[in-house]
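Okay, structure first, notes after.
The values are calculated or read from the model by the stated rules, or taken from the named source; none is laboratory data. What you see is a predicted model; the values in this text were computed from it and never measured. A quick note on method: Cβ atoms are made from the backbone with ideal geometry, for glycine too, and the neighbour counts reach across all protein chains shown. Just so you know, the surface numbers come from the protein's heavy atoms only, side chains and all, with ligands and any DNA or RNA stripped out. Shrake-Rupley method; radii C 1.70, N 1.55, O 1.52, S 1.80 Å.
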Amino acid sequence: MITDRDSRIPITIYLKPSTVEQLKKISHYLAVREQQEVPLERIIRAAIADYMDIMAPLSDADTTALKSILFEPNNEKPYAIKNRFKEIMKQKGIKAVQIHRDTGISESNLSQLLNNKNLNMTLDSFLRIWLALDCPPIADCLYRENLEK
């Protein structure tokens, strides 16, 4: 009988030292709470599972739209993936200060993200903003812009 444990694929990841320190703090907290050691691997797997649960509501249309944004065929030109969060906020009547409060993202960083000045948005920041906006369709949130004119 093959179990999930037998069919796992090992993956190597590289983390910033500050991330490892945060994970160790979480591990220590959980060890005290559960009165047993909690390996970092278990914490990382749980975090990945949480992200997957958040992303699970994607419809087939959203998945197709996201793939077309990320993997547009025969396009070898450099591009940036930008967001439309500012427009969505305007439609919903949500102010940036509310998103700041809901997400914990600093006001200056949030401003850069909403104005597409920082094109290196992390998945964590994207998901925080996306959740604060009540999970609008991904295709409404992202678009692809060629960098060459």
Subset of the stretch 13-28 [open to solvent by 100 Å² or more (accessible area, probe 1.4 Å) and closer than 19 Å to I48 by Cβ]: Y14, K16, Q22, K24, K25
The listed residue being under 25 Å from T63 (Cα atoms), touching a Ser or Thr at 6+ places or on another chain (Cβ under 8 Å) and not in a loop (DSSP other than H, G, I, E, B), out of I129, I81: I129
Qualifying residues in the stretch 105-123 (those that are open to solvent by 60 Å² or more (accessible area, probe 1.4 Å) and under 25 Å from I44 (Cβ atoms)) - the one farthest from the chain's Cα centre (by Cα): N120
Tabulated pairs, the stretch 36-59, first under 14 Å from C135 (Cβ atoms), second open to solvent by 100 Å² or more (accessible area, probe 1.4 Å) and modelled with pLDDT of 80 or more, C-beta under 8 angstrom, 6+ apart or interchain: Y51/L123
Yes/no for V97 being among the aliphatic types (A, V, I, L, M), closer than 22 Å to L133 by Cα, at pLDDT 80 or above and part of a helix (DSSP H, G or I): yes
